[in-house]
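Provided herewith is a single structure, encoded as structure tokens, for subsequent inquiry.
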Amino acid sequence: MTTQVLQFVELSHAARKEAGRLGKLAKGDQVEVRVKRRSGSDQTLSLPPDAAALIEALLGHLLDGDRVAVLTEEQELSPNDAASILGVSRPLVVHRMDVGDLPFRYVGKHRRATLRDVLELKAKIDAQSAVMKALADDAEELQQLYGV
């Protein structure tokens, strides 16, 4: 039995049209969330600035039509979930685990890596890709200028 760790949320087109946009928060703005319960009672929560900035970003992505998932850094991911984040195949993630590029632990027979480690590997892969692209651009420029 497989459990889905990454649970994405997206808004329908109708819900995006109905919802209003939250303007850009300025320093010192206070954000409160009001919950109207079915029982008729209300609850209001004041959010700290960092939480308000996160809510602002979350709502922005949802209203732009993006799918959003919220995870903690210590969330453990399966190789399938890690592959989804890294944009590579599951076998390549398993290979990265086997060669030590991606730390993991076994839970029974199943491999698990933390989101933090997956994101560190993604940053490393992205940096390597940027360097490779710069090298390819330099080689192309040399080819055009000098026929090398």
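Derivation of every value follows stated rules applied to the coordinates shown; laboratory data play no part. This is a predicted model, so every value here is computed, not measured. For neighbour counting, all protein chains shown are included, and Cβ atoms are generated from backbone atoms with ideal geometry for every residue, glycine included.
For the stretch 13-63, with the dipole built from +1 on Lys and Arg beta-carbon atoms and -1 on Asp and Glu ones, taken about the Cα centre, which of Ala53, Gly40, His13 lies farthest toward the positive end?
Selected residue: His13.
Do any GluC sites (Glu not before Pro) in the stretch 40-126 lie in a DSSP loop with no more than 14 other beta carbon atoms within 10 Å, and if so, which?
Answer by residue number: Glu73, Glu74.
I need to check one value: relative contact order of the stretch 13-63, counting alpha carbon pairs closer than 8 Å and at least 6 residues apart, in percent.
39
Mean-square fluctuation check for the chain, GNM, Cα pairs under 10 Å: which of Asp81, Asp117, Asp126 is largest?
Asp126
Moving on. Using the Cα centre of the stretch 8-88 as the reference point, and only Cβ charges (+1 on K/R, -1 on D/E), how large is the resulting charge dipole? Debye, rounded to the nearest 20.
Its charge dipole is roughly 560 debye.
Evaluate the distance, in nm, between pseudo-label points positioned 7 Å from the Cα of Ala14 and of Gln43 along their respective Cα→Cβ axes.
In this crude spin-label approximation the distance works out to 2.9 nm.
Pull out a ≥ b ≥ c, the square roots of the eigenvalues of the alpha-carbon gyration tensor of the stretch 1-82, then state rounded if a/c is under 1.5, prolate if not and a/b is larger than b/c, and oblate in the remaining case.
Cα axes put the stretch 1-82 in the prolate bin.
Taking the Cβ of Val9 as the centre, find all other residues whose Cβ is under 11 Å away and add up their charges (Lys, Arg: +1; Asp, Glu: -1).
Neighbour charge sum, excluding Val9 itself: -1.
Less than 29 Å apart at the alpha-carbon level, and either on another chain or at least 8 residues along: which lysines does that give for Lys109?
Reachable lysines: Lys122, Lys124.
Here's a follow-up. With springs connecting C-alpha atoms under 10 Å apart, model the chain as a Gaussian network and identify which of Gly20, Gly108, Gly40 has the largest mean-square fluctuation.
Comparing Gly20, Gly108, Gly40 in the GNM, the peak value goes to Gly40.
Please find the FRET efficiency linking Gln30 to Leu63, where r is the Cβ-Cβ separation and R0 is fixed at 25 Å, and quote it to the nearest 0.05.
Result of the calculation: an efficiency of 0.75.
Right, next: Positive end of the dipole of the chain, charges at C-beta (+1 Lys, Arg; -1 Asp, Glu), about the Cα centre: which of Ser89, Ala123, Val70 has its Cα farthest in that direction?
Val70
A further question follows. Compute the length gained on full extension between Tyr146 and Gln7: take 0.36 nm times their separation in residues and subtract their Cα-Cα distance, giving the result in nm to one decimal.
Stretched out fully, the Tyr146 to Gln7 stretch lengthens by 44.8 nm.
Moving to a separate point now. Say a site is exposed when it is one of the trypsin sites (Lys or Arg not before Pro), sits in a DSSP loop, and has at most 15 other Cβ atoms within 10 Å; what is then the longest site-free stretch of the chain?
68-108
Taking H as built 1.01 Å from N, whose amide H comes closer than 5 Å to the amide H of Thr114, not counting residues under 5 places away?
HN-HN under 5 Å from Thr114: Leu77.
Find the relative contact order for the stretch 76-146 and round it to a whole percent, using C-alpha pairs within less than 8 Å whose residues are 6+ positions apart.
Rounded, it is 29 percent for the stretch 76-146.
Quote the relative contact order of the chain in percent (integer), defining contacts as alpha-carbon pairs under 8 Å separated by 6+ residues.
Reported relative contact order: 20 percent.
Below 25 Å, Cα to Cα, which lysines can Lys36 reach? Residues fewer than 8 away in the same chain don't count.
Lys17, Lys24
Based on Cα coordinates alone, diagonalise the gyration tensor for the stretch 76-146, multiply each eigenvalue by 5, take square roots, and list the semi-axes in whole Å, largest first.
33, 10, 9
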